[in-house]
Amino acid sequence: MAYVRARGVRFHVVDLGRDTGRSPVVMLHGLFTGSAASWFFTAAPALARTRRVRLPDWRGHGLTERTPTGYDTATMVDDLAALTADLPPFAIAGHSYGATVAVRFARAHPGRVTALALVDPPFVQIDARWYAAQGENAQGEDAVRGEDAVRSRIADLLARTSLRDDLAADPPVTAAELAELAGLPMLAVVGSGSPFRPAADLVGRALPAARRHVLAGGHDLHITARARLTPLLGAFLEESHA
Amino acid sequence: MTSGNDVLDEVVAMLAEVVGEDFLLEQTVGPDTTFNADLALESIEFVALAERLQRHYGARIEFAAFIAGLNLDQIMAMTVGDLTSYIEGRLAASPEDAADTSAAFA
């Protein structure tokens, strides 16, 4: 797969690995600086040794078309359903806003998800401007990058789309939402220096059986803690029989 | 049989598809050219190049396995020559008729 037309939008989706007896894992990137590359150069290749891995680019990110609207989680859940319709039940690993969409997808499509790994999930109310500042400040967000191109992409997202308003209007995932997912194998990994570190406590209160880890680092653990996070994800998927 | 220069030419041609001919005309791409510092390739453009490589060479190369074996510093510092060496090594190890494009990278 490379480009897929779905819901009137041209999406870019990368598939790695092969179908095996194990569930595929769909890996969801965060907003602004994120893309399929976020996982492609970090955890995805190692996980692809044992299972199929799918990496979609969200609207306005990576090589997917930038639509004027549709950056709310309800639309992104429907996008994800369309981009995974051909897969058997699958696990999801989501970084940042990808984790928010993952939780809401699992609630909307209970039979489709076998396990959920949340990487620094933004389940804490913070100023939406924080996200945008990530793109302007973060060094090393991308393994390989053209920084000017990334900055101009973020500026376009903010200036030409509803993303900022959609983000502000979408409340963070709540404990009540998480509690509805009891029984689904879940892993939450947060950064010791991330503003979202308290999200691990929220997950623990809602779902005492969820596995939780704090890794040294900030928000972009998939990159800065790649060597720790990648085996954690692999082990979680194996233990979940996903 | 594919020679080393052929692989370099093929990689440069696919790179041109990804970043545009005009961009590549501004500089000479050789084995020592780095994707990050010299070409300032966006990470998603590198993914697009990887998809083209995988489609072109098929199951004889496994780009994901290549990346899985590198740490981030090595990925950041990757040169065109690092990539062509990997591809040449894999092509030398597998016969031409093993080029089944469907399995490794759908």
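The values are calculated or read from the model by the stated rules, or taken from the named source; none is laboratory data. Since this is a predicted model, take the numbers as computed values, not measurements. So basically every Cβ, Gly included, is an ideal-geometry build from the backbone, and we count neighbours across all protein chains shown.
Before moving on, here are some points about what is shown:
- Identity of the residue in the range A:146-162, in a loop (DSSP other than H, G, I, E, B) and in contact (Cβ under 8 Å) with a residue 60 or more places away in the chain, that ends up farthest from the other protein chains (Cβ to nearest Cβ): A:S162
- Each residue in the range A:43-84 was checked for being part of a loop (DSSP other than H, G, I, E, B), under 28 Å from B:A65 (Cα atoms), more than 13 Å from the chain's Cα centre (by Cα) and within 13 Å of another protein chain (Cβ to nearest Cβ), and 8 pass.
- Selection status of A:F105, modelled with pLDDT of 95 or more and touching a helix residue (DSSP H, G or I) at 6+ places or on another chain (Cβ under 6 Å): yes
- Enumeration of residues in the range A:206-229 that are of a type outside the set (G, A, S) and assigned to a loop (DSSP other than H, G, I, E, B): A:L207, A:P208, A:H219, A:D220
- Tallying residues that are closer than 23 Å to A:V13 by Cβ and of a type outside the set (V, I, T) within the range B:41-82 yields 23.
- Any hit, the range B:42-54, residues being in a helix (DSSP H, G or I), within 19 Å of B:P95 (Cα to Cα) and among the hydrophobic types (A, V, I, L, M, F, W, C): yes
- Subset of the range B:42-81 that is more than 7 Å from chain A (Cβ to nearest Cβ) and among the hydroxyl-bearing types (S, T, Y) - its residue that is surrounded by the most Cβ atoms within 10 Å (Cβ to Cβ): B:Y57
- A:R7, sole failed condition from (1) touching a residue at least 60 places away in the same chain (Cβ under 8 Å); (2) on the phi > 0 side of the Ramachandran plot; (3) touching a Leu at 6+ places or on another chain (Cβ under 8 Å): (3)
- Residues that are within 12 Å of chain A (Cβ to nearest Cβ), at negative phi, assigned to a loop (DSSP other than H, G, I, E, B) and not aromatic (F, W, Y), drawn from the range B:8-41: B:N36, B:A37, B:D38, B:L39, B:L41
- In the range A:60-88, the residues that are on the phi > 0 side of the Ramachandran plot form Cβ pairs under 7 Å with partners that are modelled with pLDDT of 95 or more and of a type in the set (D, E, K, R), at six or more places apart or across chains, as follows: A:G60/A:R66; A:G70/A:R59.
- Scanning the range B:82-97 for residues that are hydroxyl-bearing (S, T, Y), crowded, with 17+ Cβ neighbours inside 10 Å and more than 14 Å from chain A (Cβ to nearest Cβ) returns a single hit, B:T84.
- Residue satisfying all of: in the range A:1-49; of a type in the set (G, A, S) and surrounded by fewer than 19 Cβ atoms within 10 Å (Cβ to Cβ); farthest from A:S152 (Cα to Cα) among these: A:G21
- Of residues in the range A:31-42 being among the small types (G, A, S) and part of a loop (DSSP other than H, G, I, E, B), the one farthest from the other protein chains (Cβ to nearest Cβ): A:G34
- Remark: pairs (first residue in the range A:213-228, within 13 Å of chain B (Cβ to nearest Cβ) and touching a residue at least 40 places away in the same chain (Cβ under 8 Å); second residue polar (S, T, N, Q) and in a loop (DSSP other than H, G, I, E, B); Cβ separation under 9 Å; 6+ apart in sequence or on different chains) = A:D220/A:T33; A:D220/A:S96; A:D220/A:S194; A:L221/A:S194; A:H222/A:T42; A:I223/A:T42; A:R226/A:T42; A:R226/B:N71.
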